[in-house]
Amino acid sequence: MLIVLTGIDGAGKSTAARALVSAAQTDGRDALLLSNHAGRRSMSVLAAKLVVRWPPRLADAIETSFRVVNVLVSHARARRFQGMVVMDRHLFCQLALRKTKDLPRGRLLPWLIGALPAPDAIVHLDIAPELAHQRIVARGTDAETLSDLVSLRDAYRSLPEYPDFVELDAAAPPAEVASRLAQLVSQGSRAAGQQGSRPGLTADRGCSCGDLR
């Protein structure tokens, strides 16, 4: 079972991913966490030290290179793993970032998305940009403006792939979000077992994910 988590910065993707894998392992199930970062935080720190602003196309080229390599390595590891695999971020994240910079989708990323094994579910942690910004400021490890977060949220929602995402309200405390995510995955897995098909998760837009379609 392959689960991909997406969402704007401050949505709690990494926290939720770690909690989901930890809960599965505690229950005695095999679970693997794989991160598909693009090096944005390191680039932001370096830019701040050098007092420079990366040109959008240069930044995207570097981010895309890191992201693609990480995603390819993650899928290679997932292919050899028997159990639940949770990926923190994916190529969809880079497509959303490109949208915020008014850059074209290009051909490589959409092609890779179609060529790689499809996730059983892409869970999008949705959160108000204002709350996400508060979280980012509180942890003090990133430098994201509120306008950047608004643009990224809009960019995700404009992706042609977005209607297939399962939207999870990430405004709740991390423990509650993790519990809802685990419940969502568990229900999807049980439904697939009863139908003899691949796991599939669906939830009403904006719901707490306690009510599943």
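The values are calculated or read from the model by the stated rules, or taken from the named source; none is laboratory data. Owing to the predicted nature of the structure, the values given are computational and were not obtained by experimental measurement. No Cβ is skipped: glycine too gets one built from the backbone with ideal geometry, and neighbour counts run over all protein chains shown.
Give the residue, chosen from Leu2, Leu20, that is within 29 Å of Leu146 (Cβ to Cβ) and among the aliphatic types (A, V, I, L, M).
Numbers: Leu2 fails: within 29 Å of Leu146 (Cβ to Cβ).
On inspection, the qualifying residue turns out to be Leu20.
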Legend entry - Options Gly106, Gly83, Gly114: the member that is surrounded by fewer than 23 Cβ atoms within 10 Å (Cβ to Cβ), touching a strand residue (DSSP E or B) at 6+ places or on another chain (Cβ under 7 Å) and of a type in the set (Gly, Ala, Ser): Gly83
Inset, instruction - Of all residues in segment 135-175, count the ones that are surrounded by 14 or more Cβ atoms within 10 Å (Cβ to Cβ) and of a type in the set (S, T, N, Q). - result: 1
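Kindly evaluate Arg57 against the criterion of being over 22 Å from Leu181 (Cβ atoms) and among the basic types (Lys, Arg). Steps first, please.
Numbers: over 22 Å from Leu181 (Cβ atoms): yes; among the basic types (Lys, Arg): yes.
So Arg57 fits the description; yes.
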Legend entry - Extreme residue, surrounded by the most Cβ atoms within 10 Å (Cβ to Cβ), among residues of segment 176-213 that are farther than 27 Å from Leu95 by Cβ and at pLDDT 70 or above: Ser189
Legend entry - Residue check for Ala19: within 21 Å of Glu176 (Cα to Cα), among the hydrophobic types (A, V, I, L, M, F, W, C), part of a helix (DSSP H, G or I) and in contact with a helix residue (DSSP H, G or I) (Cβ under 8 Å, 6 or more places away or on another chain): yes
